[in-house]
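Asks: I have a structure I would like to understand better, so I am pasting it below and will then ask my questions one at a time.
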Amino acid sequence: MWRPPAGQRVKHGPPDERSWPTADEAAQARLFAPLTLPSGLTLSSRAWVPAMVPWRASDEGEVTPAVIDWYRRFAEGRPAVVVVEATGIRDVASGPLLRAGHPRYLDGLKRLVDAVGAVSRGRTRLFIQLIDFLKIRRRPSPKRYFEEFLTLTTAHREALGMPLAPDAALRATLLDLPDEKLRHVLTHREYEALTMGARSRVTDLDDPEIAALPSVLPARFAEAAARCKAAGFDGVELHYAHAYTMASFLSALNTRGDGWGATLEGRLRLPLAVLDAVRAAVGADFTVGARMLCDDVVEGGTRPAEAATLALALARAGLDFLSLSTGGRFEDAAQPREGEAAYPYTGQSGYECMPGVVSDARGPYLRNIAKQAMIRAHLRAHGVATPVVAAGGIATFADAEGILARGEADLIGAARQSLADPDWWEKIRQGRARAVRRCLFSNYCEALDQRHKAVTCQQWDRLALDAPDVTLSFDRRRRLIAPRSW
Ligand SMILES: Cc1cc2nc3c(=O)[nH]c(=O)nc-3n(C[C@H](O)[C@H](O)[C@H](O)COP(=O)(O)O)c2cc1C
Ligand code: SF4
């Protein structure tokens, strides 16, 4: 995980909570006031659990009993909305990431909806985040890269002064070349493939699969959304954020010259086409929202002023909510170890997405709210009332209430605090907030996510592991489900 430079580094404590409310105060609070979305769906409060991948699906992307347990546990805390983790719209191998890209996933998704519904009895709405992502390879060993992956070109031969040498001699020479020379002999993308692992980009128009994305993705998203509606979900969230395909189309880094990038209109074209196709597949009264970035954070990427323009266009096209996240891009990711893939939350943009306690003077709490509030104000200034979800370091009642009172957002997204204590919303509502298990913003959970290991919280991992009803991780050292603490 990226940290601010040594001179600016400050370690913060947990967020300051001065005013946990009584039950009567909570009953009057904005946080617990209902909200009706443009689709007509009424949310019981403003409490929102954003998508979090827990790495509990099967290797084929199927819902497992562990996935069901995970979401049932969030519903016990009675938030208005739980967004199910990023779920693939295609039927491609992607490890234990949920998938909705084939009719065979319908039954598992139905089981998940039914199980959560049995706990929440309609108080918590279940949305599902739909994602598309591009290919990324693990960082190879130099030997493997030069012997198996690199396609030799005349440019390599010329740069090495070996025009007629056999391929094997060329590959052996490259393998022995020091880094500073390799930077000149290899193209930028070849050098990246060697040092980071090869990664596709939406701008790779010489790759027929990438060139065809605009003609493929609207139907894939629409089919997956229709399947999720058939499974009984209350809504879908289109994943237009972080490092993935749709965010990369929206980004200022999308220089595609085929009409699907380069200008604001071009960058918006595919996200709008996907939204249109999804809407046509699910109808006007089914909730369709999107998560997008209020700031790419990386050099050359979309900054907040432009994000506001993109948000307005998407909201006007008929979104039922707009969830605003920050950063989480590949462009500034740290170098992975050999055999591992780059992870888009290891650079500064990743820090801004999931800010931790080792921070700068500003600290991790409400870190992105000003940008999110500016985007909401831009929508309102143009007469667009789309509800906005804020997230990033929100973990106290006072902060949640302040955001709502100041009109900075309409819904309060709290991911890690809800992971640390899924009951925290209900504890506040009942005036028992002193029993909230507070998130330490340590990012232990996020480190597990990075290694695609079952996500848990350091606060509950080792508590009473031998209690009778505890489900343990494969290594039997961690709880898979948050213990109750009241
Ligand atoms: C373990 C973990 C998994 C996450 N998975 C997703 C995801 O699937 N989709 C997504 O949009 N954001 C994901 N996020 C980001 C969160 O939704 C949220 O934006 C971020 O943690 C900041 O909010 P917080 O400060 O309330 O935790 C994940 C975060 C964590 C900690
Ligand atoms: S591991 Fe637990 S305490 Fe640490 S950031 Fe994640 S949810 Fe918060």
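Asks: What number of residues in region 87-105 are assigned to a helix (DSSP H, G or I) and surrounded by fewer than 18 Cβ atoms within 10 Å (Cβ to Cβ)?
Replies: Total meeting the criteria: 2.
Asks: Take the residues in region 77-88 that are under 15 Å from the mean Cα position of the chain (by Cα) and among the aliphatic types (A, V, I, L, M), then tell me which one is farthest from Ser485 (Cα to Cα).
Replies: It comes out as Ala86.
Asks: Show the residue pairs that are 6+ apart or on different chains and have beta-carbon atoms under 9 Å apart, the first residue being within region 266-286 and at positive phi, the second being buried (at least 17 other Cβ atoms within 10 Å of the Cβ) and assigned to a helix (DSSP H, G or I).
Replies: Within 9 Å, the pairs are Gly283/Lys229.
Asks: If you don't mind, there's one more thing I want to ask. Evaluate region 279-294: report whether one residue or more is assigned to a helix (DSSP H, G or I) and buried (at least 24 other Cβ atoms within 10 Å of the Cβ).
Replies: For region 279-294, residues assigned to a helix (DSSP H, G or I) and buried (at least 24 other Cβ atoms within 10 Å of the Cβ): absent.
Asks: What residue, among those in region 136-174 that are part of a helix (DSSP H, G or I) and within 32 Å of the chain's Cα centre (by Cα), is surrounded by the most Cβ atoms within 10 Å (Cβ to Cβ)?
Replies: First, the residues of region 136-174 that are part of a helix (DSSP H, G or I): 142-149, 154-160, 167-174.
Retained after the next criterion (residues that are within 32 Å of the chain's Cα centre (by Cα)): 142, 144-145, 149.
Details: Pro142: 17, Arg144: 14, Tyr145: 23, Phe149: 13.
Top of the filtered list is Tyr145.
Asks: Are there any pairs with C-beta distances below 9 angstrom linking a residue in region 164-179 that is polar (S, T, N, Q) to a residue that is outside any helix (DSSP H, G or I), with the two at least 6 apart or on different chains, and if so which?
Replies: Going by the 9 Å Cβ cut-off, the qualifying pairs are Thr173/Met162; Thr173/Ala165.
Asks: Considering each of Gly197, Gly122 in turn, give the residue that is under 30 Å from Gly289 (Cβ atoms) and either surrounded by 12 or more Cβ atoms within 10 Å (Cβ to Cβ) or without any contact (Cβ under 8 Å) to a residue 24 or more places away in the chain (or both).
Replies: Gly122
Yes or no, residue by residue, for (1) over 21 Å from the mean Cα position of the chain (by Cα); (2) not aromatic (Phe, Trp, Tyr):
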| site | (1), (2) |
| --- | --- |
| Tyr191 | yes, no |
| Leu205 | yes, yes |
| Val216 | yes, yes |
| His239 | no, yes |
| Ala277 | yes, yes |
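Asks: From the list Arg462, Arg477, Arg434, pick out the single residue that is part of a helix (DSSP H, G or I), surrounded by fewer than 22 Cβ atoms within 10 Å (Cβ to Cβ) and of a type in the set (Lys, Arg).
Replies: Exactly one residue qualifies, and that residue is Arg434.
Asks: While we're on this one: Within region 375-396, does at least one residue satisfy the condition of being at pLDDT 95 or above, basic (Lys, Arg), crowded, with 23+ Cβ neighbours inside 10 Å and within 16 Å of ligand 2 (Cβ to nearest atom)?
Replies: Looking for residues that are at pLDDT 95 or above, basic (Lys, Arg), crowded, with 23+ Cβ neighbours inside 10 Å and within 16 Å of ligand 2 (Cβ to nearest atom), one finds none in region 375-396, hence no.
Residue-wise test of (1) at negative phi; (2) away from ligand 2 (no atom under 16 Å from the Cβ); (3) modelled with pLDDT under 90.
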residue: Arg432; (1), (2), (3): yes, yes, no
residue: Cys445; (1), (2), (3): yes, no, no
residue: Lys453; (1), (2), (3): yes, no, no
residue: Asp461; (1), (2), (3): yes, no, yes
residue: Asp466; (1), (2), (3): yes, yes, yes
residue: Val470; (1), (2), (3): yes, yes, yes
residue: Asp475; (1), (2), (3): yes, yes, yes
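Asks: On to the next question. Quick one: which helices (runs of 4 or more DSSP H) lie wholly within region 329-416 and hold at least 2 residues that are farther than 30 Å from Gln28 by Cα?
Replies: 348-353
The rows are residues; the columns are (1) in contact with a Lys or Arg (Cβ under 8 Å, 6 or more places away or on another chain); (2) under 30 Å from Ser45 (Cα atoms).
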{"position": "Lys110", "(1), (2)": "no, yes"}
{"position": "Leu134", "(1), (2)": "yes, no"}
{"position": "Arg137", "(1), (2)": "yes, no"}
{"position": "Gly161", "(1), (2)": "no, no"}
{"position": "Pro166", "(1), (2)": "no, no"}
{"position": "Leu175", "(1), (2)": "yes, no"}
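Asks: Would you point out which residue out of Ala414, Ala390 is within 14 Å of ligand 1 (Cβ to nearest atom), assigned by TED's automatic domain parsing to the domain that holds Leu35 and more than 18 Å from Gly13 (Cα to Cα)? Please lay out each step first, then the result.
Replies: Values: Ala414 fails: more than 18 Å from Gly13 (Cα to Cα).
So the residue among Ala414, Ala390 that is within 14 Å of ligand 1 (Cβ to nearest atom), assigned by TED's automatic domain parsing to the domain that holds Leu35 and more than 18 Å from Gly13 (Cα to Cα) is Ala390.
Asks: Checking the structure you have, find out if any residue of region 106-118 is more than 16 Å from ligand 2 (Cβ to nearest atom), in a strand (DSSP E or B) and either farther than 19 Å from Ala224 by Cα or out of contact with any His (no Cβ under 7 Å at 6 or more places or on another chain) (or both).
Replies: No, region 106-118 contains no residue that is more than 16 Å from ligand 2 (Cβ to nearest atom), in a strand (DSSP E or B) and either farther than 19 Å from Ala224 by Cα or out of contact with any His (no Cβ under 7 Å at 6 or more places or on another chain) (or both).
The values are calculated or read from the model by the stated rules, or taken from the named source; none is laboratory data. Worth saying up front: this structure is predicted, and the values here are computed from it rather than measured. Note: ideal-geometry Cβ built from the backbone for every residue, glycine included; neighbour counts use all protein chains shown.
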